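One structure is given here, and the rest of the page talks about it.
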């Protein structure tokens, strides 16, 4: 009963109530005042035409414009309104001319322009990979207990339970001792997981909080969410990956079987760069400016990659470079698969070029439509020579890439929202030792995986139609 209670008290309920009210108003007018139907229909067509022309003039890729036009067609009034309110802009066109260039050893040529962020030539001291959330959770608690100056956290989802309860207890104790504790959470990701009194409770504990884009009617860029998972301790230890502060990520709550996820712990320059990312997010959401710690060092080449709003997308660029640079092996984990043409072609081209390209996706879905899309794109990649397996034991939420001797652990899904819209981050490390650890974990799951099932003609036809909405799901 917890989620229904949070729904009715939370920010999503007014939106649902308003939509239901508009629907009932339309039914009432149609029944009681039928003479208004023709002028209302004419006004809707003009509004829809204006919305489509606005979408056509937008700087988004063509693949992102088409679903918006379909939305206008399928949902009178509502579809056109959504184009303006929530879905107005996609990402700018990316660096197609350089997609065939491999990622250099020092990661120096990724451009930090627009909303992208890349620490050129960054380095780190140590990198530790966690193949499941439980291992990351235990290591994180120990690091939090040792914090002396600051603890900064940024998460898409925070949910009350064992994981967050244990973390919160330590944060409360640290804040009472004068440690600078700050927390950023996403307004949509936490809409059904946190009570309305959350920020008040955090203030009482001495924890400064910021909500990334609270859900409000006609809010600017409401469809662009903060999908990152970041912890930075004393500016020296950093965590990122796919793990949120919720119990299913550490096995305390069973959802869709075993929850397979991954994270990375870094020290040195990469941790400093994650701290810089946190400061950018914090400063963008309020008037209390936060300065990043001084940069740290190390001797292992890496790149901390992140995207925010608009402009060239560094994560997509890095992914294309990793695919293009792979000569022997390319292993990818993703819970959602809806790549654009460039990423799809790069994966298919690598497989056709003789690279051992393997893709692992979930076998048990958490959301039906994204799962159908994932399988549809996976089948097409399989026909191009990409090997595909489904994670049998539960839900695969890990987001990682192994490209020869480079390991990339991040919050990026291989779908439109991650590659074009949401705030994301990850760490790419040039380390054959770390890459081998990720590869061993991947192959262990692969050995117990389930082959991708075939689809009947009716289902495949439906999935092809569903692809029109891929950038919106």
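Listed conditions (1) farther than 19 Å from residue 455 by Cβ; (2) in a strand (DSSP E or B) are all met by residue 320, apart from (2).
Between 428, 455, the distinction of being crowded, with 16+ Cβ neighbours inside 10 Å and touching a helix residue (DSSP H, G or I) at 6+ places or on another chain (Cβ under 9 Å) belongs to 428 only.
Report, by residue number, each residue of region 289-317 that is in contact (Cβ under 8 Å) with a residue 12 or more places away in the chain, touching a helix residue (DSSP H, G or I) at 6+ places or on another chain (Cβ under 8 Å) and assigned to a loop (DSSP other than H, G, I, E, B). Correct list: 290, 291, 292, 293, 294, 295, 296, 297, 298, 308, 313. Within region 348-373, the set of residues being within 23 Å of residue 448 (Cα to Cα), in contact with a strand residue (DSSP E or B) (Cβ under 6 Å, 6 or more places away or on another chain) and not in a loop (DSSP other than H, G, I, E, B) comprises 351, 356, 357, 358, 359, 360, 361, 362.
Can you tell which of 352, 434, 372 is out of contact with any helix residue (DSSP H, G or I) (no Cβ under 9 Å at 6 or more places or on another chain), surrounded by fewer than 24 Cβ atoms within 10 Å (Cβ to Cβ) and under 25 Å from residue 258 (Cα atoms)? Let's see the steps before the verdict.
On the way: 352 fails: under 25 Å from residue 258 (Cα atoms); 372 fails: out of contact with any helix residue (DSSP H, G or I) (no Cβ under 9 Å at 6 or more places or on another chain).
Answer to the check: 434.
Of note, residue 264 satisfies the criterion of being under 15 Å from residue 305 (Cα atoms) and either touching a strand residue (DSSP E or B) at 6+ places or on another chain (Cβ under 7 Å) or touching a residue at least 40 places away in the same chain (Cβ under 8 Å) (or both). Within this structure, residue 468 fails the test of being in contact with a strand residue (DSSP E or B) (Cβ under 8 Å, 6 or more places away or on another chain) and either more than 18 Å from residue 335 (Cβ to Cβ) or at pLDDT 90 or above (or both). Every residue in region 139-155 that is over 16 Å from residue 243 (Cα atoms) and either touching a residue at least 40 places away in the same chain (Cβ under 8 Å) or in a loop (DSSP other than H, G, I, E, B) (or both), please. Matches in region 139-155: 143, 144, 146, 147, 148, 149, 150, 151.
Among the residues that make up region 144-153, is at least one of them buried (at least 16 other Cβ atoms within 10 Å of the Cβ) and either within 23 Å of residue 441 (Cα to Cα) or at pLDDT below 95 (or both)?
As a first pass, look at region 144-153 and keep what is buried (at least 16 other Cβ atoms within 10 Å of the Cβ): 144, 147, 150-153.
From what is left, the residues that are either within 23 Å of residue 441 (Cα to Cα) or at pLDDT below 95 (or both) are none.
So far as region 144-153 goes, no, none of its residues is buried (at least 16 other Cβ atoms within 10 Å of the Cβ) and either within 23 Å of residue 441 (Cα to Cα) or at pLDDT below 95 (or both).
Just the residues that are over 21 Å from residue 417 (Cα atoms) and surrounded by 17 or more Cβ atoms within 10 Å (Cβ to Cβ), please, taken from region 294-330. Correct list: 296, 298, 300, 301, 302, 303, 324, 325, 326, 329, 330.
The values are calculated or read from the model by the stated rules, or taken from the named source; none is laboratory data. Just so you know, these numbers come straight off a predicted model, no measurement behind them. Counting neighbours? That spans all protein chains shown, and the Cβs are built from the backbone with ideal geometry, glycine included.
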